[in-house]
Amino acid sequence: MKKSGDKSGINHHCKKCDYTCRDNYDWQRHLSTTKHKMDNEDNERITQKVGYHCMVCDKIYKYASGLSKHKKKCFTPSDGGSIENTIVGKSITCVGDGGVDLEKEFLKQEVSELKNMMKHILNNQSQSATNLETLKDVIPKIGNTYNNKMSINIYLNEKCKDAMNLTDFVENVKVSLEDILYTKNHGFAKGISNIFAKQLQDMEPTQRPIHCSDKKRMQFYVKDADKWEKDKSHEKIDKTIDYITYKQIKQVKLWEKTHPNYLEDDKLLMEWQTMIQNMTGGTCDNQGLDKEKSSIKRELGMTVEVKHELMEKKI
């Protein structure tokens with residue numbers, strides 16, 4: 001990077017960014033841009049520890065065959081383990097204009113943060129959810145609870161026996177450019193809720209893989225491996241939220257295709273960064289992300305509440 005002078009009116013030229021200006025104010029503004037700072041970092045090969053890593057349960061396998069066998073028993077996204085095989089256990093080479101692949105580097109960081117957040121949420125939420133279930137069990141409404149449970153089980157096992165498995169539902173979730181823009185403008189919780197609602201409302205109630213028996217207490221029932229079970233700790237619901245989040249990150253390329261010059265335009269680059277943050281809840285700490293996910297589950301509960309179906313079927 002060089003400049004031919006410090007006075008206004010004399011050309012300033014940044015070789016790394018291929019940027020030229022005459023005004024010193026414009027030059028100083030360019031030096032502060034994200035693109036310039038990224039382009040001037042060392043373009044080194046980023047190499048992670050060799051291993052085949054399960055994104056869901058955090059296990060590491062020495063050989064790909066071990067991971068492949070494990071994945072058959074573990075809840076995995078539709079990409080067939082592309083997260084593990086692409087992000088962990090291989091070298092990621094920074095390429096492109098100026099030697100930096102900004103998108104790939106950013107996605108790697110976001111996926112790593114998502115993994116850490118998911119571990120924290122599952123560890124803490126499991127205990128709190130267990131305590132909540134204990135309190136519910138001692139509520140003096142044993143008769144109603146028993147009748148409701150029997151009615152729900154009959155409805156799920158008889159009326160919803162042909163419902164889609166949750167794993168298949170996740171694989172079929174489609175994220176559009178419209179979904180990405182909605183998330184950018186409305187934030188993480190509303191964006192994920194919007195995708196959930198669109199996918200589920202297009203399905204017959206008896207075909208849905210998720211039902212809610214009590215939206216206030218967020219009691220969910222999930223079908224997977226051809227079996228209905230109560231998702232007491234919200235483990236499967238939370239994983240589904242995480243996978244939809246990851247699908248949104250991958251589909252940011254739809255926006256990039258419509259704005260091919262976003263790396264050279266400071267306004268578009270700022271819009272891109274805001275969009276990524278809203279897709280991942282990146283501006284929230286762990287406690288804030290917990291609240292965002294609770295908001296998503298409340299909206300989901302209203303969408304798939306089973307009480308209306310029980311009344312219609314008179315079960």
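The values are calculated or read from the model by the stated rules, or taken from the named source; none is laboratory data. Keep in mind the model is a prediction, meaning the values are calculated, not measured. For neighbour counting, all protein chains shown are included, and Cβ atoms are generated from backbone atoms with ideal geometry for every residue, glycine included.
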Report task. Hey, can you tell me all the residues within region 271-290 that are free of Cβ contacts under 8 Å to residues at least 60 places away in the same chain and either more than 15 Å from Asp179 (Cα to Cα) or within 14 Å of the chain's Cα centre (by Cα) (or both)? Result -> Gln277, Thr283, Asp285, Gln287, Gly288
Report summary line: Those strands (runs of 3 or more DSSP E) completely within region 210-252 that have 3 or more residues that are of a type outside the set (Val, Ile, Thr), in the same structural domain as Lys307 (by TED's automatic domain parsing) and surrounded by 20 or more Cβ atoms within 10 Å (Cβ to Cβ) are 210-214, 219-224
Report summary line: Scanning region 154-180 for residues that are surrounded by 15 or more Cβ atoms within 10 Å (Cβ to Cβ), of a type outside the set (D, E, K, R) and in a helix (DSSP H, G or I) gives Tyr155, Leu156, Leu166, Thr167, Phe169, Val170, Ile180
Report task. Report yes if some residue within region 247-260 is within 30 Å of Asp26 (Cα to Cα), in contact (Cβ under 8 Å) with a residue 12 or more places away in the chain and in contact with a Lys or Arg (Cβ under 6 Å, 6 or more places away or on another chain); otherwise report no. Result -> no
Report summary line: For Gly282, the lone unmet condition from (1) at pLDDT 90 or above; (2) closer than 21 Å to Thr34 by Cα is (1)
Query - Near pairs, Cβ below 7 angstrom, 6+ apart or cross-chain, from region 202-226 (free of Cβ contacts under 8 Å to residues at least 24 places away in the same chain) to any residue that is crowded, with 19+ Cβ neighbours inside 10 Å and part of a loop (DSSP other than H, G, I, E, B) - result: none
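For every residue, the table says whether it meets (1) at pLDDT 90 or above; (2) polar (S, T, N, Q); (3) more than 15 Å from the chain's Cα centre (by Cα).
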| position | (1), (2), (3) |
| --- | --- |
| Met218 | yes, no, yes |
| Tyr221 | yes, no, yes |
| His234 | yes, no, yes |
| Lys239 | yes, no, no |
| Thr245 | yes, yes, no |
| Asn261 | yes, yes, yes |
| Arg298 | yes, no, yes |
| Met302 | yes, no, yes |
